[in-house]
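What follows is a single structure, written as structure tokens, with notes after it.
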Amino acid sequence: MQNKDIRFAIVVVAAGGSSRYLAAGGLRGKLDEDLGGKSVLHRVVEMFTKLEPRTGVIASIVVSGPFEETEFATFKERHQDRLGLLGAKVCRGGEHHRWQSVKAALAVVPRDCTHIAVHDAARACTPLDVLDRVFDSASRHAAVVPVVEISDTLKRVEETDTTEGGDEDDAARILGLESMPRAKLRMVTSTIDRAGVFVVQTPQVFESGLLRRAYDQTDLSSTDDAGLVERLGERVVVVEGDVRNLKITRPADLELARAVIGVRAPEGRPMNKKF
């Protein structure tokens, strides 16, 4: 039976510029890419509209978009109507850092929401059972995150002053072309003990008052929201995540995401003409 006294707000962080995605060969921002006939962002928001927590209800969805005025206008033109049909609000995100985008969204989250979940907009194939575990645990604990145990060996690596393959591009020199920059040679400096080490995923769910208190701190530098809660000395509970809950960072990740949810790449019109 649902306890409607628990009201979850969802903050979807979608302010990034897809710089790594584009640098790796992406033709458009990753959130605009096609994932089974819908944009990545649309699919993420839709995922939460279909979620029925064992305890509580999804009461609000806020999408934190780009900060720069022109980019935000383009973002709204491309996504706001569809997201509005799903009941989601859109706000401007942060100028430089992820935490700025979350903080901007917190100002929009209704005060009657008792819990706030923060999710990366690039995680579009989070399995339903992961969502179920996280939200169910959040009804009993103040801070909950999904994690996956590390199975690979971890190495600490540093960049050297040596250029991979030499300093001169012979082919470019012969053809009279400008040499392409060569990557720096990187070397292993040590092996990291992986015992007790986990990869953290989203959504991360917190009691509203706790997350707001975490964002009232002076130093907000952190790679995730749980890190700010940890800084308060509060306990963060973990539940089992899933390797399928991947974050689309490079074009190859998009192909993996399509494989996970069982859809094909689009044919015909480019994705940016569809949305």
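What follows is calculated from the coordinates using simple rules that are stated; it is not laboratory data. Because the structure is a prediction, the values reported are computed rather than measured. So basically every Cβ, Gly included, is an ideal-geometry build from the backbone, and we count neighbours across all protein chains shown.
Points to keep in mind about this one:
- Assuming charge only on the beta carbon of Lys and Arg (+1) and of Asp and Glu (-1), the dipole of the chain about its Cα centre is about 960 debye to the nearest 20.
- Amide H partners (placed H, <5 Å) of VAL239, local residues excluded: VAL145, VAL147
- For the chain, the longest site-free run once GluC sites (Glu not before Pro) in DSSP loop states with at most 12 other Cβ atoms within 10 Å are removed: 1-94
- Taking θ as phi - 60° and the Karplus parameters 6.51, -1.76 and 1.60, the scalar couplings of the range 189-202 work out to 9, 6, 9, 9, 5, 8, 4, x, 9, 10, 8, 9, 10, 10 Hz in sequence order, x denoting glycine and proline.
- Applying 1/(1 + (r/R0)^6) with r as the Cβ-Cβ distance of LYS184 and ARG20 and R0 = 22 angstrom yields a FRET efficiency of 0.80.
- Under a 5 Å amide H cut-off, with hydrogens placed 1.01 Å from N, THR162 pairs with LEU185 among residues at least 5 apart or on other chains.
- In order along the range 17-25, the Karplus-derived 3J(HN,Hα) couplings, from 6.51 cos²θ - 1.76 cosθ + 1.60 at θ = phi - 60°, round to x, 6, 4, 5, 5, 5, 5, 8, x Hz, and Gly and Pro are given as x.
- Choice from VAL147, VAL63, VAL11 showing the highest fluctuation, given a GNM over the chain with Cα pairs closer than 10 Å: VAL147
- Between GLU68 and PHE198, the modelled labels are 3.8 nm apart [label points 7 Å from Cα along Cα→Cβ].
- The range 111-116 - phi-based ³J(HN,Hα) in whole Hz, Karplus 6.51/-1.76/1.60, Gly and Pro as x: 6, 7, 6, 8, 9, 10
- Likely footprinting exposure, THR191, THR114, fewest C-beta neighbours within 10 Å first: THR191, THR114
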